[in-house]
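Notes follow once the structure below has been shown.
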Amino acid sequence: MTLSHEQHKITEERARAEGFGDRVQFWLQDYRDIDGPGSTNPWIANYIFPSGYSPALSEVLAIVEQSGLYVTDVEVWRLHYAETLKNGWVEPPFVDFLARKALYLRNFGEQGFF
């Protein structure tokens, strides 16, 4: 699903060229115009994915099984996102970069710093 006419056109062309044109669908549509079967966590709906819908794993797996595909691995991203919030935003890598830059400048000066 995309709002870009060019992206939609290229995606359909590539799918046809690779022999998948009859097995995949691409929509030129705003995701907010789709009526989802459930609801998204209010915090995620407000801060991460406004007007979006994140399906539950049980919803996704049911559709995958019905299609004849096999699920061989499942990754729970909610746990990763919690770590991102804890470590990535509270103590961003940029802070570490600034500390390293200050140490470098103190020891070697501006010459050679990129």
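The values are calculated or read from the model by the stated rules, or taken from the named source; none is laboratory data. Treat the numbers as computed from the prediction; the structure is a model and nothing was measured. Don't worry about glycine lacking a Cβ; one is built from the backbone with ideal geometry, like all the others, and counts go over all protein chains shown.
Look at the stretch 16-28: where a residue is free of Cβ contacts under 8 Å to residues at least 60 places away in the same chain and a partner is assigned to a loop (DSSP other than H, G, I, E, B) and surrounded by 10 or more Cβ atoms within 10 Å (Cβ to Cβ), sitting 6+ places away or on another chain with Cβ atoms under 7 Å, you get TRP27/MET1. Close Cβ contacts (under 9 Å, 6 or more residues apart or on different chains) running from residues in the stretch 65-79 that are surrounded by 10 or more Cβ atoms within 10 Å (Cβ to Cβ) to residues that are among the acidic types (Asp, Glu) and in a helix (DSSP H, G or I) comprise VAL71/GLU65.
Figure legend. Inter-residue proximity from the stretch 40-55: first residues modelled with pLDDT of 70 or more, second residues of a type in the set (Gly, Ala, Ser) and surrounded by 12 or more Cβ atoms within 10 Å (Cβ to Cβ), beta-carbon distance below 6 Å, spacing 6+ or different chains. Indicated pairs: TYR53/GLY36.
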